[in-house]
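Chemist: Below is a structure I'd like to ask you about.
Every number in this text was worked out from the coordinates using simple rules, so none of it is lab data. Values in this document were obtained by computation on a predicted structure and should not be read as measured data. FYI the Cβ positions are ideal-geometry reconstructions off the backbone, even for glycines, and counts take in every protein chain you see.
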């Protein structure tokens, strides 16, 4: 499925391992942002079968992709696609201990955000005591062309990198 054909539609349907994900592309939202959410969903679906995309959880922030605990009260997985401020990440990690947090970005490049976050986390005792895990997911800029076929997501390791941010 080519990117250009998807951009003409607002409603996109992705499939992965017999599951379907319906996403609505907002007028000011980039296609890349929609693809990142779909890729995060497909990559972590086996680990977190109850993943939800763009669902409010009653927090001041709305996660791009989230999985809740068995009581449906606290997030155990949270992903942000694209740009995210360090202050937002710190706020989320301070309030939700033992969280698996993923930052998804386009392109394979050195991310100054990784070094910045590591320095900030070393200084924050609340994050140090937590057993949260933070990862940077980098998607190859051609992943949407090579890993989505007729709406089916089939991620190959050559099109993404997972970089541990915390703990290092």
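Chemist: Could you please state, rounded to a whole Å, how far the C-alpha centre of region 8-67 is from the C-alpha centre of region 122-168?
Modeler: 15 Å
Chemist: In nm, what is the difference between 0.36 nm times the number of residues separating residue 11 and residue 110 and their Cα-Cα distance?
Modeler: 32.3 nm
Chemist: Once you wrap a convex hull around the alpha carbon atoms of region 24-70, what is its projected area averaged over all directions, in nm²?
Modeler: That works out to 3.8 nm².
Chemist: Each label point is 7 Å from the Cα along the Cα-to-Cβ direction; what then is the distance between the points at residue 91 and residue 156, in nm?
Modeler: Spacing of the two 7 Å Cα→Cβ label points: 4.1 nm.
Chemist: Something else about it: Could you grab the relative contact order for the chain? Cα pairs under 8 Å, six or more apart, rounded to a whole percent.
Modeler: The normalised contact order for the chain reaches 20 percent.
Chemist: Let me have the 222 nm mean residue ellipticity of the chain computed from DSSP H runs of 4+ only, each contributing -39500 (n - 2.57), with the sum over all residues rounded to the nearest 500.
Modeler: Calculated mean residue ellipticity at 222 nm is -8000 deg cm²/dmol.
Chemist: Moving on. Based on DSSP, what percent of beta bridges with both residues in the chain are antiparallel, to the nearest 5?
Modeler: 60 percent
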